[in-house]
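One structure is given below, encoded as structure tokens.
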Amino acid sequence: MTAPVLKDSYGRAIRDLRVSVTDRCNFRCFYCLPHGEPPAAPKELMLTYEEIEYLVSIFVSLGIEKVRLTGGEPMLRRDIETLVAKLAQIPGITDLALTTNAFNLHERAAGLKAAGLDRVTISLDSLKPEVFKQMTGVDVLDRVLAGIHAAQRVGLTPIKINAVIVRGHNEDEVADMAAFAREHDITMRFIEYMPLDSGHGWSREQVVSGAEIRQGVNERFLLVAKGGERGSDTSTRYRFADGAPGEIGIIAPVTEPFCGACSRIRLTADGQIRTCLFSKVEHSLRDVLRSGATRSEIIAYIEGVMLKKEPRHYINETFFEQPARTMSLIGG
Ligand code: SAM
Ligand code: SF4
Ligand code: SF4
């Protein structure tokens, strides 16, 4: 029997589901939520853990292999470990991951691992306390570093660290962060700033291009592109030429778009399918589910929605307009 595969109308196989479990966040990253959270959606509009588990199991039966919990800050949703444990039981998920700002990861890493989480991706924009505070709105660099070490200790690995590089803030730190990757044998991923901030403060001038980031690291540590197919990976991956541990990933959606190989879809905390980060429309899987639809009706709905997946983003076109929902509401 051939493995199931969800396809969009451009023939791209959809293998990767990102599930936002909350819109809430305890950080105020200026590139994401500079003015704080929008009013909370009524609780009854949010998917319950049972609903998420059921929908994820359907997605997996259709060929989804990788599931990532995100937000907002996913660790703010009560007992996220319970959801992790439910999802870990679904056969067919090859990679169950969670993206977090790591505020309370040092206390909860062991519990997440025990619940069945495979690995974490952690956001860390600066190794300088004052820059960290200025970029995230909170003075907690030490806690985040403790969270990274705890995740390593309990084996939530391979750990990836995400840093959004923004001109005038942290572009001078890329080589220091590469040194951090070498020292701790982790993957450091540098991300171009995308127009998904709630403050609509994004400007092209602030985007530090992937090429510039590569050069910044190369000036201190020579990088060698990792062999093999990139596939649907968002990052181009590099190892250190001198054989040091650690890895560098560069995610350059603005200057080097990778939409042609996109395998991702997103489910928001209130149950909307987003077929692209920059979608202008959403598809209410929650309403379909709560209308009493059968499993096969839900499957037919999902398959139909996949056919509406956008071919690419239009950030570099003059007619580009930022989507109404921002990164913290979409699920990065
Ligand atoms: N709160 C968690 C965290 O920060 O890791 C998970 C959600 S956050 C929206 C997911 C990722 O999106 C983070 O790594 C963050 O750096 C990234 N992100 C947020 N806004 C962005 C933007 N405007 N451009 C590029 N990446 C962004
Ligand atoms: Fe919160 Fe993550 Fe957005 Fe920062 S990037 S404000 S931690 S959701
Ligand atoms: Fe996929 Fe849309 Fe991101 Fe392009 S912009 S990689 S189509 S989610």
Work out the length of the dipole vector of the chain about its Cα centre, built from +1 on the beta-carbon of each Lys and Arg and -1 on the beta-carbon of each Asp and Glu, and round it to the nearest 20 debye.
580 debye
Table column - 3J(HN,Hα) (Hz), the range 306-323, Karplus curve with 6.51, -1.76, 1.60, x for Gly and Pro
4, 5, 9, 4, 5, x, 5, 8, 10, 4, 8, 9, 5, 7, 4, 10, 5, x
From the helices alone, meaning DSSP H stretches of at least four residues, give me the mean residue ellipticity at 222 nm for the chain, per-run term -39500 (n - 2.57), in deg cm²/dmol to the nearest 500.
-8500 deg cm²/dmol
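For the ranges 302-313, 71-82, 137-148, what's the packing order if you count other beta-carbon atoms within 10 Å of each residue, average per peptide, and put the highest first?
71-82, 137-148, 302-313
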The percentage of the accessible area of the chain (probe 1.4 Å, all protein chains present) made up of carbon and sulfur atoms, to the nearest whole number, is 53 percent
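Write down the percent of antiparallel bridges among all DSSP beta bridges whose residues are both part of the range 16-330, to the nearest 5.
Beta bridges within the range 16-330, antiparallel portion: roughly 25 percent.
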Nearest 10 degrees, 0 to 90: what angle lies between the long axis of helix 141-154 and the longest principal axis of the chain (Cα atoms)?
70 degrees
Please enumerate, by chain and number, the lysines with C-alpha under 19 Å from the C-alpha of Lys309, excluding those fewer than 8 residues away in the same chain.
Lys7, Lys66, Lys280
Name the residue from Ala211, Phe59, Ala300 whose Cα lies farthest towards the positive end of the charge dipole of the chain, charges +1 on Cβ of Lys and Arg and -1 on Cβ of Asp and Glu.
Ala300
Taking a probe of 1.4 Å and leaving out DNA, RNA and ligands, the range 16-330 shows per residue an accessible area in Å² of 41 Å²
From a point 7 Å beyond the Cα of Ala244 in the direction of its Cβ, which residues of the range 140-170 have a backbone N at a distance under 17 Å?
161
Can you spot the lysines whose alpha carbon is less than 22 Å from Lys43's alpha carbon? Ignore those fewer than 8 places along the same chain.
Lys86
Check the chain for me: any Cys whose beta-carbon has no other cysteine beta-carbon within less than 4.7 Å?
Cys25, Cys259, Cys262, Cys276
Place a point 7 Å from the Cα of Glu183 along the Cα-to-Cβ direction; which residues of the range 120-151 have their backbone N under 19 Å from it?
122-133, 140-151
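The values are calculated or read from the model by the stated rules, or taken from the named source; none is laboratory data. These numbers come from a predicted model, not from an experiment. Because the Cβ atoms are built from the backbone with ideal geometry, glycine has one as well, and the counts that use them run over all protein chains shown. Side chains included, ligands, DNA and RNA excluded: accessible areas come from the protein's heavy atoms. Shrake-Rupley method; radii C 1.70, N 1.55, O 1.52, S 1.80 Å.
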